[in-house]
């Protein structure tokens, strides 16, 4: 059963979060985008480091392309904020983010982010749900052609951060930072940004792991024991 919550649809990959249902949700989003006029602007499709997330992102991309919507597909996993940032940076009609956020590794999900790069309103969510119930036909095509564009928005994100962060002041602080992306999509990004902005950075758990090291990807004390211990024992 596909049921949208406050932030998209999440479910177990061993149950109903499968390619067939993902195609149905993507088709409903495509219909919404085209009917609302945002389809002509294109869509970015981001994904996290979970098992199958990149595959599911490409599944969504095929549906969008078949519906005549230009797709901007990142070359690597991205955090949700950078996916949302890409909407306004490149003037797109919205984003799909394949992630189950802080849920355990066996879950995955689809989050739709509208043109304004914030959470979908109740009206937008209801519209997508309506199309989901009414849609009998799912269009899916090839992951190729002029409607497919690969993007690397990380450098643009860093450059725009420099416009709102006082980098020189940050350099003067001599700040030492322990960065832990918890095996998620921020690996190699957050630490690099801080280093470029003049901080002394050590990154731990800084590589993608679909199982998140056996923990849930939520930065709460029980999942951050190694980080807390390292902070206590090192200068």
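The values are calculated or read from the model by the stated rules, or taken from the named source; none is laboratory data. Remember, predicted model here, so these are calculated numbers, not experimental data. Using ideal geometry, Cβ is built from the backbone for each residue, glycine included, and neighbour counts are taken over all protein chains shown.
Annotations
- The set of residues from segment 67-86 being over 21 Å from residue 119 (Cβ atoms), surrounded by fewer than 18 Cβ atoms within 10 Å (Cβ to Cβ) and within 13 Å of the chain's Cα centre (by Cα) comprises 75, 76.
- Selection count where residues are free of Cβ contacts under 8 Å to residues at least 12 places away in the same chain and part of a loop (DSSP other than H, G, I, E, B), scope segment 7-35: 2
- Criterion (at pLDDT 95 or above and either on the phi > 0 side of the Ramachandran plot or surrounded by 24 or more Cβ atoms within 10 Å (Cβ to Cβ) (or both)) met by exactly one of 46, 39, 8: 46
- Residue among 132, 194, 215 that is outside the structural domain of residue 100 (by TED's automatic domain parsing), buried (at least 16 other Cβ atoms within 10 Å of the Cβ) and touching a helix residue (DSSP H, G or I) at 6+ places or on another chain (Cβ under 6 Å): 215
- Some residue of segment 89-106 being in contact (Cβ under 8 Å) with a residue 60 or more places away in the chain and part of a helix (DSSP H, G or I): yes
- Of all positions in segment 160-181, at least one carries a residue that is within 25 Å of residue 52 (Cα to Cα) and in contact with a strand residue (DSSP E or B) (Cβ under 9 Å, 6 or more places away or on another chain).
- Being buried (at least 20 other Cβ atoms within 10 Å of the Cβ) and closer than 17 Å to residue 27 by Cβ is true of residue 96.
- Of the residues 152, 122, 137, the single one that is within 27 Å of residue 2 (Cα to Cα) and either touching a strand residue (DSSP E or B) at 6+ places or on another chain (Cβ under 6 Å) or in contact (Cβ under 8 Å) with a residue 12 or more places away in the chain (or both) is 137.
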